[in-house]
Amino acid sequence: MRCLVTGAAGFIGSHLCNELLAQGNEVWGIDNMSEGRHERIKHLFNNRRFKFAICSISEKQILFKAIQQCDIIYHLAAVVGVKHYVEDPVKVMEVNLVYTFDLLEFAWKLNKKVVFASTSEVYGKNNTIPFSETSARVYGPATANRWCYAISKSAAEHLCFGYAQQGLSMVIIRYFNVYGPHADGSAYGGVATRFIIQALTNNPLTVHGDGNQTRCFTYINDIVKGTIDAGSKPEAEGKIFNLGHYHEVSILELAQLILTLSGNKGNIIFQPYEEFYGSYFEDIPRRVPDLTAAERILGYYPRVSLEEGLKKTIAWYRHRLSR
Ligand SMILES: NC(=O)c1ccc[n+]([C@@H]2O[C@H](COP(=O)([O-])OP(=O)(O)OC[C@H]3O[C@@H](n4cnc5c(N)ncnc54)[C@H](O)[C@@H]3O)[C@@H](O)[C@H]2O)c1
């Protein structure tokens, strides 16, 4: 197969490229490097089955030609990270929705399959746990910028279904808090990586809010396997799948676990949401996936426990920081 991966130099995209190549595929990667990192993919440049272009998915002609020459598109390029959502909702809607519209249109015209990376954020603040793929999506007011990401991905899902109705072959996967080596550890990145870097650099771990909000953190290897299986199983076509973990943990528990596993004696400090995200911010209190559909149709099971995944990730960052 020749696979096109958008967002190939991103955290998940780069791991996906690795695995698709390891399975013998040819991989074409596109990334505009807004958040992409060369170090995530530099080892792939020796592989003759890997091609990479620094380019935005807004470049319609290039995108069209790339789609024309590939068998399947893994569409991961997006603006990701809660701080981005509150700071630049226009960019979020533009990349995650408008450019996705073009990509789906081209894939539909060219009769190519799309695997669309969506998110557990689409469930919003629905408080009926766990979230199954048919659960309602519940959002706050438009004045709270944080919802723009969930709505951009949700609207893009509607586009996927709209084009599927016209014949597009597609599958949607909703990731739940992914972590692992190469994830973004900046203020814009995920909480697990941020905590690991704070712990390893002997800084206090900053918990936003009271820390009672819960998430189900999923190790990157499980996510990559689920993504490839979703793209390759004919039974998955036209469906949505949650890809996550069963283990629900509060953010405060996560911080304590990372302190223990990293051997750091640092402390935990609490920061009000408003101080970090600005005046009007709403968080999602609990986020837990129902994985029945992924188990039944994809054979998905999150194999890496939180403790094991964190140990691997801490070891990776420790090595990286020591260089
Ligand atoms: N990491 C998670 O926990 C998580 C959870 C749910 C969903 N997702 C989804 O998974 C996908 C990958 O997320 P990630 O964590 O790897 O994020 P990431 O930011 O590391 O990767 C996204 C990549 O897209 C690239 N990009 C952004 N705009 C682009 C454009 N216009 N043209 C080309 N490339 C562009 C960025 O440079 C970046 O490398 C995203 O679609 C995201 O919404 C991630």
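The values are calculated or read from the model by the stated rules, or taken from the named source; none is laboratory data. Note that the structure is predicted; figures quoted are calculated from it, not measured. Glycine also receives a Cβ, built like all others from the backbone with ideal geometry; neighbour counts cover every protein chain displayed.
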Query raised in the report: Which residue, of T128, T134, T143, is β-branched (V, I, T), touching a Phe, Trp or Tyr at 6+ places or on another chain (Cβ under 8 Å) and surrounded by fewer than 22 Cβ atoms within 10 Å (Cβ to Cβ)?
Result: T143
Report task. Output the residue which, of all residues in segment 132-155 that are aliphatic (A, V, I, L, M) and modelled with pLDDT of 95 or more, is nearest to the ligand (Cβ to nearest atom). Result -> A150
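Any residue in segment 94-117 that is closer than 24 Å to D283 by Cα and surrounded by fewer than 17 Cβ atoms within 10 Å (Cβ to Cβ)? Reasoning before the result, please.
Pass one, segment 94-117, residues closer than 24 Å to D283 by Cα: 94-97, 117.
Then drop every residue that is not surrounded by fewer than 17 Cβ atoms within 10 Å (Cβ to Cβ), which leaves 94.
Looking through segment 94-117, at least one residue is closer than 24 Å to D283 by Cα and surrounded by fewer than 17 Cβ atoms within 10 Å (Cβ to Cβ).
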Requested in this report: Test each condition in (1) under 15 Å from the mean Cα position of the chain (by Cα); (2) surrounded by fewer than 22 Cβ atoms within 10 Å (Cβ to Cβ); (3) part of a helix (DSSP H, G or I) for F64 and report the one that comes out false.
Outcome: (1)
Report summary line: I297 fails exactly one of (1) under 29 Å from C17 (Cβ atoms); (2) among the aliphatic types (A, V, I, L, M); (3) touching a Leu at 6+ places or on another chain (Cβ under 9 Å), namely (3)
Query raised in the report: Does I57 fit the bill of being part of a loop (DSSP other than H, G, I, E, B) and either within 14 Å of the ligand (Cβ to nearest atom) or crowded, with 21+ Cβ neighbours inside 10 Å (or both)?
Result: yes
**Report entry** Selection count where residues are outside any helix (DSSP H, G or I) and surrounded by fewer than 18 Cβ atoms within 10 Å (Cβ to Cβ), scope segment 28-50
**Finding:** 6
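A quick yes/no check of all residues on (1) in a helix (DSSP H, G or I); (2) β-branched (V, I, T); (3) under 20 Å from the mean Cα position of the chain (by Cα):
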position	(1), (2), (3)
D102	yes, no, no
A107	yes, no, no
V114	no, yes, yes
E121	yes, no, yes
E133	no, no, yes
P141	no, no, no
N145	no, no, yes
C148	yes, no, yes
K153	yes, no, yes
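Considering segment 1-16 alone, what residues qualify as being surrounded by 18 or more Cβ atoms within 10 Å (Cβ to Cβ) and more than 11 Å from the ligand (Cβ to nearest atom)?
Going residue by residue through segment 1-16, those that are surrounded by 18 or more Cβ atoms within 10 Å (Cβ to Cβ) are 3-16.
Scanning segment 1-16 gives C3, L4.
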Query raised in the report: Here is a list of conditions, (1) part of a loop (DSSP other than H, G, I, E, B); (2) closer than 22 Å to A150 by Cα, and I73 meets all of them except one; can you say which number that is?
Result: (1)
Query raised in the report: Take the residues of segment 218-273 that are acidic (D, E), more than 21 Å from R287 (Cα to Cα) and more than 18 Å from the chain's Cα centre (by Cα): which is surrounded by the most Cβ atoms within 10 Å (Cβ to Cβ)?
Result: E237
Query raised in the report: Within segment 183-197, is even one residue aliphatic (A, V, I, L, M) and more than 16 Å from the ligand (Cβ to nearest atom)?
Result: no
Query raised in the report: Restricting segment 76-110 to residues that are more than 10 Å from the ligand (Cβ to nearest atom) and of a type in the set (D, E, K, R), which is farthest from Y149 (Cα to Cα)?
Result: K109
